[in-house]
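To start, the structure itself, in structure tokens.
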Amino acid sequence: MTDHPQAPPAPQPRQTYLASAGTALPGDPVDNAALAKALGVNEEWIEVFIGTKTRHFARDLATGTVRWSLADLCAQAAERALAAGGTDPSEIEFIVLGTATPDTLMPATVNHVADRLGLDHVPTFQLQSGCAGAVQALSVARTMVASGEHRTGLVIGGDVCSKHLDLQRDLSSAAPSDLVNFVLFGDGAGAAVITDEPRGAGVALRRTLNRFTGLGRAPGQVIEWFGLADRHDDRQAVTEDYKAIEEAVPVMAVEILWELLDDLEWSADRLDYLLPPQLSGRMTRRITEQLDVPGAREISCVADTGNNGNALPFLQLEQLLTRMSAGERALAVAIESSKWIKAGFALEKI
């Protein structure tokens with residue numbers, strides 16, 4: 001009987017790290033009083049039903065004039081992330097952008113961002129996704145670095161939601177389900193530098209989770225795209241089933257939390273930081289209560305920034321990376337309600 005040599009063990013994927021994060025919010029914060037006056041709605045309703053205090057808009061609230069594009073905000077956030085980690089732009093080997101609101105369908109916004117950063121001959125990827133897009137972008141970047149093919153990359157998430165809101169529309173008789181879109185969202189962008197060695201903040205990206213769970217379920221949110229053939233259609237551009245979101249998101253958030261903890265074999269009492277989903281001030285408070293991890297410090301920002309989609313995890317990360325100490329752990333949860341995607345990631349300070 002001939003002995004066959006054993007195959008060598010498969011190479012282990014490289015560990016990946018977050019070196020730094022940076023964010024960009026357009027203009028001054030718009031408080032509820034200013035928003036209520038501009039839209040002709042009740043300020044108290046915004047404060048009680050939404051629970052968000054301020055948000056930022058890329059267009060002028062009075063005139064509708066666009067002051068910042070998504071590419072503008074993403075480039076600013078990327079420059080700040082690079083500076084925060086002491087990373088030279090020449091070190092960046094790829095860019096991944098997650099967004100639901102690109103400036104144009106073509107060219108992809110990520111390529112305008114690369115141009116503004118002075119980057120050429122690098123792979124660029126743009127993921128069309130809602131609130132899970134930032135985590136999806138992190139997952140793609142983590143895979144690229146862990147493969148050993150790349151050492152340093154740039155991950156970006158951002159949205160300019162105000163482009164879908166008609167600020168001249170009479171909202172005096174609008175239903176709450178319609179009105180919520182005008183008061184819930186804001187604009188912004190965030191970025192992070194991902195590396196194959198602990199640099200800068202030196203936080204290990206232990207896991208990412210992305211899972212579609214919308215089989216047979218109606219979307220919780222729809223943003224229409226109008227082309228030349230139907231641009232005068234009277235369909236509403238943005239629709240949202242806020243009741244379905246209120247019911248589903250807290251349940252999904254708990255499922256994500258425990259799936260990540262079980263996968264990592266982490267106990268909840270060893271979790272130092274929690275980055276909960278950032279829907280609105282009111283909803284985030286409710287979700288955090290249901291997650292029930294009292295020993296973990298909450299990192300939230302939505303009450304001050306508004307729901308700016310794919311920027312939110314990076315706004316949370318920017319705060320987190322300056323606070324973590326060696327050995328501390330953090331877990332983030334993000335949920336996309338457009339067609340129900342579970343997402344999250346786990347971090348550990350080296």
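Here is how the numbers come out for the structure above:
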{"read-out": "In the range 20-76, residue farthest from residue 190 (Cα to Cα) [restricted to those that are buried (at least 16 other Cβ atoms within 10 Å of the Cβ) and among the polar types (S, T, N, Q)]", "value": "32"}
{"read-out": "Every residue from the range 19-37 that is among the aliphatic types (A, V, I, L, M), touching a helix residue (DSSP H, G or I) at 6+ places or on another chain (Cβ under 7 Å) and assigned to a strand (DSSP E or B)", "value": "19, 21, 24"}
{"read-out": "Any hit, the range 133-147, residues being under 21 Å from residue 200 (Cα atoms), at pLDDT 95 or above, of a type outside the set (Phe, Trp, Tyr) and assigned to a loop (DSSP other than H, G, I, E, B)", "value": "no"}
{"read-out": "The range 297-315, residues that are crowded, with 21+ Cβ neighbours inside 10 Å and closer than 10 Å to residue 274 by Cα", "value": "300"}
{"read-out": "Given (1) surrounded by fewer than 24 Cβ atoms within 10 Å (Cβ to Cβ); (2) in a helix (DSSP H, G or I), index of the condition residue 338 fails", "value": "(2)"}
{"read-out": "Members of the range 205-234 that are surrounded by fewer than 16 Cβ atoms within 10 Å (Cβ to Cβ), touching a strand residue (DSSP E or B) at 6+ places or on another chain (Cβ under 6 Å) and either among the hydrophobic types (A, V, I, L, M, F, W, C) or over 29 Å from residue 249 (Cα atoms) (or both)", "value": "212, 222"}
{"read-out": "Residue that is within 27 Å of residue 219 (Cβ to Cβ) and surrounded by 19 or more Cβ atoms within 10 Å (Cβ to Cβ), where the choices are 145, 155, 113", "value": "155"}
{"read-out": "Residue match in the range 204-216 (condition: modelled with pLDDT under 95 and either over 30 Å from residue 150 (Cβ atoms) or assigned by TED's automatic domain parsing to the domain that holds residue 104 (or both))", "value": "no"}
{"read-out": "Residues that are more than 23 Å from residue 101 (Cα to Cα) and either β-branched (Val, Ile, Thr) or more than 18 Å from the chain's Cα centre (by Cα) (or both), drawn from the range 177-205", "value": "194, 195, 196, 197, 198, 199, 200, 201, 202, 203, 204"}
{"read-out": "Matching residues, the range 166-196, being surrounded by 16 or more Cβ atoms within 10 Å (Cβ to Cβ) and either of a type in the set (Val, Ile, Thr) or farther than 21 Å from residue 31 by Cβ (or both)", "value": "178, 180, 183, 189, 190, 191, 192, 193, 194, 195, 196"}
{"read-out": "Residues that are under 21 Å from residue 310 (Cα atoms) and either touching a Leu at 6+ places or on another chain (Cβ under 8 Å) or acidic (Asp, Glu) (or both), drawn from the range 44-72", "value": "50, 52, 55, 56, 58, 59, 72"}
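The values are calculated or read from the model by the stated rules, or taken from the named source; none is laboratory data. Predicted, not measured: the structure shown is a model, and the values here were computed from it. Positions of Cβ are generated from backbone atoms using ideal geometry, with glycine treated the same way; all protein chains shown enter the neighbour counts.
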